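Written out below as C-alpha cells is the structure these notes cover.
The values are calculated or read from the model by the stated rules, or taken from the named source; none is laboratory data. Fair warning: this is a prediction, and the values are worked out from it, not measured in the lab. Positions of Cβ are generated from backbone atoms using ideal geometry, with glycine treated the same way; all protein chains shown enter the neighbour counts.
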Amino acid sequence: MIIFTYDKTFEGLLTCLFDAYAGKVFPDVLQEETSLLPLFYDGVYSIVSDPTKAERVWKGLQKKLSPTALTMLSASWLADGFPERDMLLFRVMHKAIDAPKTIELNFGDADVLQLSRIYKQVRYERMRVIQFVRFQKSADETYFAAFEPQHNVLPLTIDHFQNRFADQKWLIYDMNRQYGYYYDLKSVSEITITDKGTPLLKGILDDQSMAEDERLFQKLWKTYFKAIAIKERTNPRKHKQDMPVRYWKYLTEKQ
Amino acid sequence: MTDDVLNKLKILAESAKYDVSCSSSGTVRRNTNGGLGNTVGGIGICHSFAEDGRCISLLKIMLTNNCMYDCAYCINRRSNDIPRATLSVSELVTLTIEFYRRNYIEGLFLSSGVLRNPDYTMERMVKVAKDLRGQYFNGYIHLKSIPGASRELVTEAGLYADRLSVNIEIPNEQSLKLLAPEKSFDSIFQPMKFIHQGILENGEERKKFHGAPRFVPAGQSTQMIVGATPETDQDILYLSSALYKRPTMRRVYYSGYVAVNSYDTRLPALQQPPLVRENRLYQADWLMRFYQFKVEEIVNDAFPNLDLDVDPKLSWALRHPEFFPVDINRADYEMLLRVPGIGVKSAKLIVMSRQYGALTSFQLKKIGVVMKKAQYFITCRELPIMSIQELKPEIVKNLLLTPKHKKGIFNQPELPFDPI
C-alpha cells in the first residue's frame, strides 16, 4: 500500500497527481500530513503543494475534459461527509488523463458515477442556498442571512446573489464553517465575524438590530405563507420533503 | 404599509390560492445595470413550500377579489359572502419589491376578479407591471389576462410581463355555459390568440431589429379544473394536446376541483379533491411533452380515462406487450423512453454510457433505472429475467401493485408444532 500525505487542499491534490506521474508511483491512500499512519504500508511520500505543478495538471485536464466535467471536479471538492472524496477525485483524474478519449460520460464506471452523485449533491445544496436564504434588513440597511449548508457551497452561490441583488448591501454567513460573504454595492469580500457579542451570530436579528420596517414585512410574509396553503390538500410529507426541516432554523416563515 | 395591508394580503392570497400555476421558468432576463433582480437560466426557483406541499415561487395574489361574474366553481363569485379587498397599485409594487429583496420570492403572479369591466381591471394590472419595471425590477412577472380584455391592453401587458395566461377552467363549452353563463369559449380563446400572434410577430421583429423589446418571452400557460364537470380524461388531454401544438403554449395546469361552493347543486359534492386523477393527468402531460407520446396513445375512444392504479406510461406498456422486451444496449432513445422505470435522465445516461461497453442490470440500477418496474420490460446481455412476454400483462400489473413483504419477523416461515 502506497500512501501520499498532503495538505488537504485542492492544489495539493493536483500536486499529488503531478508527482505521481513524475515518479511513476500511484497512491492507494491519501492522507493529511498530521494524521496517523496505518500499521502496515509499503511506502509514504510526503507531497508539498506547488502552484505551478497544480497549474500544469489542471491545464492537462482541460485538454481531456469538458468545462462541465472540470466544474464537476472542483465543485465536488467542496462536498462534506465523504472522507474518501479526495481519493475518488484522484482516481477519476488519473483515468481521465490516461484514457484516449474523455471518460466523463462513462457512467458505467463506478468512480465516474460516484463522482457525478457527489456533484449532484453539491449542486442541490447550492440550489437550496439560493432557494432558502432569507434576508433580514438590519438597522444599517444591510440585508443579512444566516445559513447552515451541508456542503461548503457558499462560494458557488455568490455570483448569483451578486447578480440578483446588485443594488443592496448584503451579507450571507455560513454559521457552521464560520465565514461568509459581504457585498458593499461594489464588490464581494470574504469575511469572518470576530466580535462574539454581535446579534448576527445568533442568525436571527433582534428588534434593536433590525430596520424599522423589517418586522412588518416578516409579518406580512408569514401571513401570506399561511394564507396560500389549501387546507383540503394539506400534505406534510411533501412539505418536508421539498423543504427539509434542517433548513427551518433560519426560514422567516417557519419562525 | 400598515396592518391594513396585512389584512388585505391575507384575503387576497386566500382568494388566489386555487390557481395552481407557480412556475417562474422559461426565460432569461438579465439584471440591468445596478437594478434589482434577474430571471436565471430559464429555470424557475422555488423559494418556499406551503403546508399543502405546493411550491411558492411567485407572490401569487389578486389585485381584487371583487368580481362581477358568478362562476359556479370559483370562490370569488359574486354571490359568495366572503370578505372582499382591493390592493392599490403602489401597495402591490412595494410588497413585490420588498419580498423580492429578502429572497422570499422570484417575482409576482398577479390575477384579479373582474371589477366594473374587463378593460378597467386589465388596465390596473398592466399599471402594476409597468411600475415594477419602471423601478428597475427585473424579476419574473406573470399576469393573468382577463377574459374579454381588449387587444391593446393585452399587447401592452406583454411588454412588461414574462408570461401571460388565460385560464380555460372548464374543458367543454356546454359545461362552461352551464357553470359560468357570463363567459364563453370565445372570450377565453380570443386573448390566447392575441398573445400567440403577438409572440410570433415579435419574433419576426426581433429578427430584423435586435434591440426590439421582447413580448411575453416566457410564453403563455393555462389551467383546467378537473372533476367539476363530467368530461373524461380524453376530452381534457385532447384539448391540452391541441393547445401544445401552438409553440407559445408552454404549460397546461390541471387543478383538482376543491368543493369551495358546496351549496351549488350544479357541481358534484366531493369530499376530497381528485388528487390521484390530477396526478395521472400531469403524468400524461409529461408523456406528451417529454416522452414523445402522442395523445391518442395515452387515451382514446376505447380507453377514455386514465388508469388510477398505475401511471399512464406503465398502463401503455401493459396494453402493448408486443413492443417489449427492449434491448437496453441496442434500442434507440425513443424506445428507451417508453420503458416503465426509465426516465428522461436515465435514458440519456444509458445512450451515453453504452458506447463505452455493454451495460449490465447492476449498472442500470446504479444509473437510476427503477429496476422493480423495468425488469419485466428489458433485456441486457444477461439471462433474461421473466419478461412481459413470458408473464401475462395482468400478472405483471399484479406483481407491481402488491407490496413486497417487509423483511423481518413476519416473513419467517412458520413451523407447525403439534402440541403434545
For this session: Report yes if some residue within region B:217-233 is outside any loop (DSSP other than H, G, I, E, B), free of Cβ contacts under 8 Å to residues at least 24 places away in the same chain and not basic (Lys, Arg); otherwise report no.
Result: no
Exercise. Do you know which of the residues in region B:174-188 that are over 22 Å from the mean Cα position of the chain (by Cα) and not small (Gly, Ala, Ser) is nearest to residue B:73 (Cα to Cα)?
Worked result: B:179
Exercise. Could you say which residue among A:104, A:125, A:84 is at the interface with another protein chain (Cβ under 10 Å from one of its Cβ atoms), acidic (Asp, Glu) and at negative phi?
Worked result: A:104
Problem set entry | Condition broken by residue B:95, with the remaining ones in (1) more than 22 Å from residue A:127 (Cβ to Cβ); (2) in contact with a Ser or Thr (Cβ under 9 Å, 6 or more places away or on another chain); (3) not acidic (Asp, Glu) satisfied | (2)
Exercise. Where residues in region A:197-237 are surrounded by fewer than 16 Cβ atoms within 10 Å (Cβ to Cβ) and basic (Lys, Arg), which of them is farthest from residue B:62 (Cα to Cα)?
Worked result: A:202
Exercise. Can you list the helices (runs of 4 or more DSSP H) found entirely within region A:146-255 that contain at least 1 residues being of a type in the set (A, V, I, L, M) and within 14 Å of chain B (Cβ to nearest Cβ)?
Worked result: A:154-164, A:214-227
For this session: Test each condition in (1) free of Cβ contacts under 8 Å to residues at least 60 places away in the same chain; (2) under 29 Å from residue A:253 (Cβ atoms); (3) assigned to a helix (DSSP H, G or I) for residue A:114 and report the one that comes out false.
Result: (2)
For this session: With respect to residue A:131, determine if the residue is within 30 Å of residue B:105 (Cα to Cα), without any contact (Cβ under 8 Å) to a residue 24 or more places away in the chain and buried (at least 16 other Cβ atoms within 10 Å of the Cβ).
Result: yes
Exercise. Does region B:28-40 contain any residue that is among the aliphatic types (A, V, I, L, M), part of a strand (DSSP E or B), within 12 Å of chain A (Cβ to nearest Cβ) and in contact (Cβ under 8 Å) with a residue 24 or more places away in the chain?
Worked result: yes
For this session: Identify, by number, the condition in (1) farther than 30 Å from residue A:143 by Cβ; (2) assigned to a loop (DSSP other than H, G, I, E, B); (3) hydroxyl-bearing (Ser, Thr, Tyr) that residue B:104 doesn't meet.
Result: (1)
For this session: State yes or no: is residue B:197 more than 24 Å from the chain's Cα centre (by Cα), part of a helix (DSSP H, G or I) and of a type in the set (S, T, N, Q)?
Result: no
Problem set entry | Among the candidates B:179, B:159, residue that is of a type in the set (A, V, I, L, M) and farther than 29 Å from residue B:93 by Cβ | B:179
Exercise. Restricting the search to region B:107-145, which residues are assigned to a strand (DSSP E or B), within 24 Å of the chain's Cα centre (by Cα) and not charged (D, E, K, R)?
Worked result: B:107, B:108, B:109, B:110, B:111, B:140, B:141, B:142, B:143
Exercise. Can you tell me which of A:95, A:137 is crowded, with 18+ Cβ neighbours inside 10 Å, within 12 Å of chain B (Cβ to nearest Cβ) and either in contact with a Gly (Cβ under 6 Å, 6 or more places away or on another chain) or among the basic types (Lys, Arg) (or both)?
Worked result: A:137
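Could you list all residues from region B:231-279 that are farther than 26 Å from residue B:15 by Cα, in contact with a helix residue (DSSP H, G or I) (Cβ under 7 Å, 6 or more places away or on another chain) and not acidic (Asp, Glu)?
B:237, B:238, B:241, B:244, B:246, B:248
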Exercise. Quick one: which of B:328, B:385 is modelled with pLDDT under 85 and of a type outside the set (S, T, N, Q)?
Worked result: B:385
For this session: State whether the residues of region A:2-14 include one that is out of contact with any strand residue (DSSP E or B) (no Cβ under 8 Å at 6 or more places or on another chain) and of a type in the set (Lys, Arg).
Result: no
Exercise. Within region A:100-115, can one find any residue that is of a type in the set (S, T, N, Q) and under 23 Å from residue A:188 (Cβ atoms)?
Worked result: no
Exercise. Take the residues of region A:223-255 that are over 29 Å from the mean Cα position of the chain (by Cα) and charged (D, E, K, R): which is modelled with the highest pLDDT?
Worked result: A:226
For this session: For residue B:64, indicate whether it is hydroxyl-bearing (Ser, Thr, Tyr), away from chain A (no Cβ under 14 Å) and in contact with a Pro (Cβ under 8 Å, 6 or more places away or on another chain).
Result: no
